Amino acid sequence: MSARKTVRPWFCRHLVWGAAAWLLLSLPAGLAEAAGANPEAVAKVVRLNKEGRQFYDAMEFSLAEKSLKKALEIGEAAALGDHVVMAGTHGNLGVLYATGIKNEDQALFHFKKTLELRPDYVPNKEMSSPEVKELFQRAHSEMESTSAASVPDTTETSTSSEGQLRCPAATVARAGSALKLRCVAEGSLSASEVIVYFRPGHGTFRSRKMSTESTLDGSPSWTTQLPAEATSGDQLFLYFEAHNKQGDVLSSVGSEENPTVVGIRSGDQGSEEAGSRRARRVDEEGEGGEAKAAESGFWWIGLGLGSGIGYAGNKNYEVYHSQIPKSGEAPLGYAFASLGQVTPEVGYFMTRSLSLSLQGRFQYISQPASNPIAPTSISFLARLLYFSSGETVRFYIGPILGGGYQGFRLVISGLTNNKGQVRTDTVAGGPVVVGAGGGMSVGLSDSWSWILEVNGLVGFPNFAMVADFNTGLRVRF
């Protein structure tokens with residue numbers, strides 16, 4: 001099977017930052033030379049160049065082209081002329097056409113414009129890939145033999161033969177690692193869903209619906225994360241389809257007969273620069289949703305709501321203890337945690353399967369009509385969570401240690417005071433709290449997850465137990 005031809009990743013990032021370095025290092029001289037230039041327009045051109053480099057680094061070449069062309073339009077409208085930012089923009093477009101879109105005519109044209117504006121311009125060493133070096137030398141030679149560079153025919157489209165869906169994929173991935181995939185829409189493609197079909201080595205293709213996101217310019221994009229099992233073989237085969245609401249295929253990248261091929265390498269193999277750098281980039285940037293948060297070095301925050309039921313192991317009534325005789329006490333036993341609790345949480349993944357978090361437990365107790373009781377309790381719980389493998393659904397479990405103001409409270413009803421009146425009161429468990437918890441995380445998108453969990457807490461020296469049932473949302477960042 002044949003693989004789709006993609007830009008060789010070993011020089012992608014160097015080219016972009018090489019162009020950026022030339023542009024930024026030359027900027028002070030350009031500003032001094034063009035002191036009368038519109039500073040607002042210059043700032044916009046620089047910002048669009050940065051945005052174009054971000055798209056380029058993500059291999060979203062059509063969006064990079066759009067940003068850089070917009071920069072030229074703003075510069076021309078502001079009469080920036082031969083300002084250094086204009087030369088830098090043409091240089092960036094030349095690199096884009098030479099190495100990403102693969103349009104030699106356009107690359108030559110923009111390199112010539114760069115030389116026309118800055119005859120002393122020389123690509124630095126990081127930009128000296130074979131493609132850029134060859135085309136830049138050609139542009140320089142042709143500039144010497146002609147006094148004007150003619151604008152090439154721009155009717156050639158930069159979209160792929162599969163249509164208006166673009167899905168650049170890694171050429172190499174690390175064995176046993178999850179793989180992030182992204183597709184972007186070009187032109188007027190209006191898809192209701194994008195599906196990726198994949199199979200590791202031999203076997204049948206499996207399908208996965210990609211999540212919808214927006215790029216920096218508001219254009220639609222779709223992302224998903226393939227599980228680690230997808231990179232378990234020697235090769236991974238992929239193809240993509242964009243569907244309308246009726247399920248018809250609007251555009252595709254590859255096919256079952258001619259898929260994109262991703263080579264799989266073990267973690268320490270692949271000294272070849274193209275493979276190893278791209279594999280590292282996939283590892284660093286390619287983990288989505290809870291799977292992404294499960295890699296080391298990622299923070300997450302959550303917010304949950306819940307309620308609980310517990311065991312009142314003491315009779316230290318908090319409000320009416322002096323009014324309740326022995327005969328009026330309630331027996332030790334189960335009790336409710338009243339209305340419930342709010343559980344904000346912040347966590348940090350130290351490894352793929354291990355996260356440390358701090359959860360707040362802000363309990364609110366509804367007031368009975370007959371008499372006032374303690375309204376709240378506040379505690380903070382440190383949790384060490386062990387996560388299972390998986391992508392969309394992950395299970396977790398771990399110990400809990402914490403405490404706070406009265407730990408937690410249980411509501412005790414049916415008390416009788418020394419006047420024969422029926423009262424409701426609370427008992428506290430704590431202020432030291434220990435326990436264990438576990439739950440389930442369901443990925444809703446690359447960033448958001450729905451959480452369903454239960455925490456079993458024991459308080460002492462005021463002995464009591466409670467089982468909290470919580471649900472909420474988590475987001476990684």
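Derivation of every value follows stated rules applied to the coordinates shown; laboratory data play no part. These figures come from a predicted structure and were not determined experimentally. FYI the Cβ positions are ideal-geometry reconstructions off the backbone, even for glycines, and counts take in every protein chain you see.
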Diffing region 133-141: the Karplus 3J(HN,Hα) column from phi (6.51, -1.76, 1.60, θ = phi - 60°), in whole Hz with x for Gly and Pro, holds 4, 5, 5, 5, 5, 5, 4, 5, 5
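Test of understanding: ordering M86, M59, M440 by Cβ neighbours within 10 Å, fewest first, what list do you get?
M440, M59, M86
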A student applying the Cα gyration tensor rule (rounded when a/c is under 1.5; otherwise prolate if a/b is larger than b/c, oblate if not) would label region 306-441 prolate
Residue span K419 to S327: 0.36 nm per residue of separation minus Cα-Cα distance leaves a gain in nm of 31.9 nm
Simple spin-label estimate for L339/K209, 7 Å along Cα→Cβ, in nm, reads 3.7
Quick calc: nm separation of the 7 Å Cα→Cβ label points for H202 and E40 -> 6.6
At the level of C-alpha centres, the distance separating region 312-389 and region 449-475, in angstrom, is 8
Lys and Arg at +1, Asp and Glu at -1: neighbours of E345 with Cβ under 11 Å from its Cβ sum to +2
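For L305 and T392, calculate 0.36 nm times their separation in residues minus their Cα-Cα distance, and state this gained length in nm to one decimal.
Length difference between fully extended and current span is 29.1 nm.
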Fewest-first ordering of W299, W222 by Cβ atoms within 10 Å yields W299, W222
Here, V346 and E256, labelled 7 Å along Cα→Cβ, have an inter-label distance in nm of 5.1
Residues other than A467 with Cβ under 14 Å of its Cβ, Lys/Arg counted +1 and Asp/Glu -1, net out at -1
